[in-house]
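Visitor: Can you keep this structure in mind? I'll have questions shortly.
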Ligand SMILES: NC(=O)c1ccc[n+]([C@@H]2O[C@H](COP(=O)([O-])OP(=O)(O)OC[C@H]3O[C@@H](n4cnc5c(N)ncnc54)[C@H](OP(=O)(O)O)[C@@H]3O)[C@@H](O)[C@H]2O)c1
């Protein structure tokens, strides 16, 4: 595989909310500020600028992605503003830090305006392209009404502060509830090659033309994306297992928009090159593609 010249555009485009075209392979900014390897301000800036050079025009962030002096929002603003016309910055509101690093609480409907205004200020924008209502903790989705909170965000959309609305960590019932209130442009749920239990919501998104943004597209890092068949397919293409996992997501449905995260320039280049990797029907059958699921023996439990 050519990892030097491939850009995110090779993955094709998707019209977010019908009117914001993005390259289907994007970038998740959480790891620039939170978790994993040691991060620095300079490294974060370099990764974000290189991502933009490599054609990434869909970046996922949140006000609660921060640790110490580092925060994803401030890194994005410093690295990329004045923002390119075609850049979509997606943010999430809902979780409350309550003084810690990991969110422990959830904002009530009446608190969402303040969180959106804070995102606008910190990102240095006069409106936000895509705002998700991020629901619940890190456990399985579902079990609570999101209507009141989603309606509060819909009101902010009506005022022009938000262009499109999304929901994150939701089940099919919550998706239906949100759609009864306002258009849903994107769903961001836990999904990757070893964690495919959300296929029903993905199918629904595909049917309705809603973007499906699989979070933890590389399983959240470590050695979680790895098994013999993945290595076989990677070997046939001269690719890495991470690249195959991303190409699998891109092949899984035309509405998937993976947002792999990294603080490493080398991993960034490797991940973006996956935009040009085309898996064959044989590869997909072996991996558990569109018409099949990954071997349950490979399935991974949620890790956090
Ligand atoms: N809505 C939600 O509830 C939710 C939850 C979690 C995440 N997210 C979003 O989803 C995005 C992606 O999730 P994530 O970053 O946690 O997980 P991920 O993309 O699945 O994996 C990122 C991890 O894999 C490593 N990695 C990246 N590229 C690699 C490569 N080519 N080879 C080997 N290792 C590689 C990274 O380490 P290095 O830095 O060392 O490369 C990092 O530790 C986040 O940035 C965030 O925007 C949303």
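Visitor: Which of 58, 190, 227 moves the most in a Gaussian network model of the chain with Cα springs under 10 Å?
Guide: 227
Visitor: Next question, about the same structure. Hull surface divided by four, with the convex hull built on the Cα atoms of region 185-284: how many nm²?
Guide: Spelled out: convex hull of the Cα atoms, projected over all directions, averaged, 6.3 nm².
Visitor: Using only Cα atoms, what Kirkwood radius does the chain have, in angstroms?
Guide: For the chain, the Kirkwood estimate is 19.2 Å.
Visitor: If you don't mind, another one. Which of these, 75, 96, 48, has the largest mean-square fluctuation under a Gaussian network model of the chain (Cα springs below 10 Å)?
Guide: Looking only at 75, 96, 48, the biggest GNM fluctuation is shown by 96.
Visitor: Here's another thing I want to ask about it. How many percent of DSSP beta bridges within region 66-176 run antiparallel, rounded to 5?
Guide: 30 percent
Visitor: Ordered by packing density, taken as the mean number of other Cβ atoms within 10 Å over each peptide's residues, highest first, how do 243-251, 80-88, 191-199 rank?
Guide: Going from most to least packed, we get 243-251, 191-199, 80-88.
Visitor: Helix 112-123 against the longest principal axis of the chain: what's the angle in degrees, Cα atoms only, rounded to the nearest 10?
Guide: 60 degrees
Visitor: A follow-up question, please. Helix 241-252 against the longest principal axis of the chain: what's the angle in degrees, Cα atoms only, rounded to the nearest 10?
Guide: 70 degrees
Visitor: Which one, 24, 236, 149, has the greatest fluctuation when you compute a Gaussian network model over the chain with C-alpha springs under 10 angstrom?
Guide: 236
Visitor: How large is the helix-only mean residue ellipticity at 222 nm for the chain, computed as the sum of -39500 (n - 2.57) over DSSP H runs with n ≥ 4, divided by its residue count, in deg cm²/dmol to the nearest 500?
Guide: Result for the chain: -10000 deg cm²/dmol, rounded to the nearest 500.
Visitor: With everything on Cα atoms, drop me the angle between helix 228-237 and the longest principal axis of the chain, reported from 0 to 90° to the nearest 10.
Guide: Helix 228-237 sits at roughly 80 degrees to that axis.
Visitor: Counting DSSP beta bridges in the chain, what percent are antiparallel, to the nearest 5?
Guide: Counting DSSP beta bridges with both partners in the chain, the antiparallel share is about 25 percent.
Visitor: Quick one: what do you get for region 1-125 if you divide its Cα Rg by 2.2 N^0.38 Å?
Guide: Rg over 2.2 N^0.38 Å, computed on Cα atoms: 1.11.
Visitor: Evaluate the relative contact order of the chain (contact order divided by residue number), counting alpha-carbon pairs under 8 angstrom at least 6 apart; express in whole percent.
Guide: Relative contact order comes out at 20 percent.
Visitor: Next question. In whole Å, what is the distance between the alpha-carbon centres of region 192-259 and region 61-102?
Guide: 24 Å
Visitor: Same structure, new question: Which ordering of 232, 126 is given by a fewest-first count of other beta-carbon atoms within 10 Å?
Guide: 126, 232
Quick note: the coordinates plus some simple rules give every number you see, no bench work behind them. It should be emphasised that the depicted structure is a prediction, and the values quoted were computed from it without experimental measurement. Glycine also receives a Cβ, built like all others from the backbone with ideal geometry; neighbour counts cover every protein chain displayed.
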